[in-house]
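The values are calculated or read from the model by the stated rules, or taken from the named source; none is laboratory data. None of these values were measured; they are calculated from a predicted model. FYI the Cβ positions are ideal-geometry reconstructions off the backbone, even for glycines, and counts take in every protein chain you see.
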Amino acid sequence: MKQAIVIALGGSLLSNKTGAELTSWRLKIVELVISLNDEGKKVIIIIGGGELARKKIKDAIDLGLTDEHELDLIGIESTRINAMNFLKLFSNTNIKFNQEIPHSIENGVSFLMDLDLIVMGGTVPGQTTDTVAIKFGEEIGAERVIVATNVSHVFTDDPRKNPTAKKIKSMSLNELGILSGVGAPIKPGSSFAVDPIGVGVAMSANLPLVILNGDDVANLRKAINGETFEGTNVYGVN
Ligand code: UTP
């Protein structure tokens, strides 16, 4: 198979800008995918639920739903709606992309044989789309998985609570595992720099990660090309 680039695209990136800024970002993402395809690379984008998931989960909680499995299913539906909408950006291109949203990694991987771009959302409860991207990357033997989110780096502590928190430019998967609290349960709709469940999968698979701010598409391109980029490089064991 051609080289495949796996990107977890945080749902917040779809809703943290409006108007010309949003149009320009979308255009740059489309151009990036086209140029990667031109270089013979397939692209897998796993889209998060962002604002839509948070709203739908909150609405359900307000209506009295407490079952985390059910709330996760609502979150997953939201990611799939975002994925379907995101695919529309590619309608007027020559890119061969999926017409339906895969509901499992296996389903997504099977589409990859014939297509150049796969866009999908969540799969099973108890994780976030970061984990879907990491599992997809593991399944196809990707060199690394890029987690494009709304923060520029992994920090030494939560920068919203601790102003002395420092950016981490490079760290091992084990160090990321300790910092992100691998093994800790997550709450539906809550937000982390990287999903610890996904970090656990990456550690077991020795799959390197890149964490960066997905608003800066030029920087995302640098990371994909293996050039110096602004973000956190998470390396595996050689
Ligand atoms: P996201 O992947 O969007 O999580 O899934 P997030 O942490 O809110 O990330 P951003 O803000 O988009 O970057 C939204 C919710 O959907 C459920 C979880 O409840 C998650 O919090 N979900 C998603 C699953 O249960 N399984 C999945 O595979 C994906």
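Taken as a whole, region 131-139 holds no residue that is of a type in the set (Ser, Thr, Tyr) and more than 22 Å from Val237 (Cβ to Cβ). For Asp72, are the conditions met, namely being of a type outside the set (A, V, I, L, M, F, W, C) and more than 11 Å from the ligand (Cβ to nearest atom)? No; evaluated as a whole, the condition is false for this residue.
Scanning region 42-76 for residues that are part of a helix (DSSP H, G or I) and of a type outside the set (Gly, Ala, Ser) yields a total of 18. The single condition among (1) without any contact (Cβ under 8 Å) to a residue 24 or more places away in the chain; (2) within 22 Å of Ile146 (Cβ to Cβ); (3) within 16 Å of the ligand (Cβ to nearest atom) that Asp38 does not meet is (3).
Scanning region 126-159 for residues that are among the aliphatic types (A, V, I, L, M), more than 14 Å from Val194 (Cα to Cα) and not in a loop (DSSP other than H, G, I, E, B) turns up just one, Ile140. Condition test on Asp62, is it of a type in the set (D, E, K, R), over 24 Å from Ile134 (Cβ atoms) and either within 12 Å of the ligand (Cβ to nearest atom) or without any contact (Cβ under 8 Å) to a residue 40 or more places away in the chain (or both)? Taking the combined requirement at face value, the residue satisfies it.
Restricted to region 75-85, and to residues that are among the hydrophobic types (A, V, I, L, M, F, W, C) and farther than 15 Å from Thr128 by Cβ, which residue is farthest from the ligand (Cβ to nearest atom)?
Applying the filter and picking the extreme gives Met84.
Residues of region 15-57 that are touching a Phe, Trp or Tyr at 6+ places or on another chain (Cβ under 7 Å) and modelled with pLDDT under 95: Lys17 alone. Scanning region 84-106 for residues that are of a type outside the set (Val, Ile, Thr) and closer than 17 Å to Lys41 by Cβ gives Phe90, Asn94, Lys96, Phe97, Asn98. From the list Leu179, Leu173, the lone residue that is at pLDDT 95 or above and away from the ligand (no atom under 16 Å from the Cβ) is Leu173. For region 39-54, a tally of residues being over 10 Å from Ala4 (Cβ atoms) and buried (at least 19 other Cβ atoms within 10 Å of the Cβ) returns 9. One residue stands out in region 99-126 among those that are surrounded by fewer than 15 Cβ atoms within 10 Å (Cβ to Cβ) and away from the ligand (no atom under 16 Å from the Cβ): the one that is modelled with the lowest pLDDT, namely Met113.
Yes/no per residue for (1) more than 19 Å from Gln3 (Cβ to Cβ); (2) surrounded by fewer than 19 Cβ atoms within 10 Å (Cβ to Cβ); (3) touching a strand residue (DSSP E or B) at 6+ places or on another chain (Cβ under 6 Å):
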residue: Ala193; (1), (2), (3): yes, no, yes
residue: Pro196; (1), (2), (3): yes, no, no
residue: Asn206; (1), (2), (3): no, yes, no
residue: Asn225; (1), (2), (3): no, yes, no
residue: Gly236; (1), (2), (3): no, yes, no
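The set of residues in region 123-169 that are among the small types (Gly, Ala, Ser) and touching a residue at least 60 places away in the same chain (Cβ under 8 Å) comprises Gly126, Ala133, Gly137, Ala142, Ala148, Ser152. When region 202-238 is filtered for residues that are in a helix (DSSP H, G or I) and either in contact (Cβ under 8 Å) with a residue 60 or more places away in the chain or within 15 Å of Gly141 (Cα to Cα) (or both), the ones remaining, listed by number, are Ala202, Met203, Ser204, Ala205, Val217, Ala218, Leu220, Arg221, Ala223, Ile224. Restricted to region 142-170, and to residues there that are charged (D, E, K, R) and within 18 Å of the chain's Cα centre (by Cα), the residue that is nearest to the ligand (Cβ to nearest atom) is Arg144.
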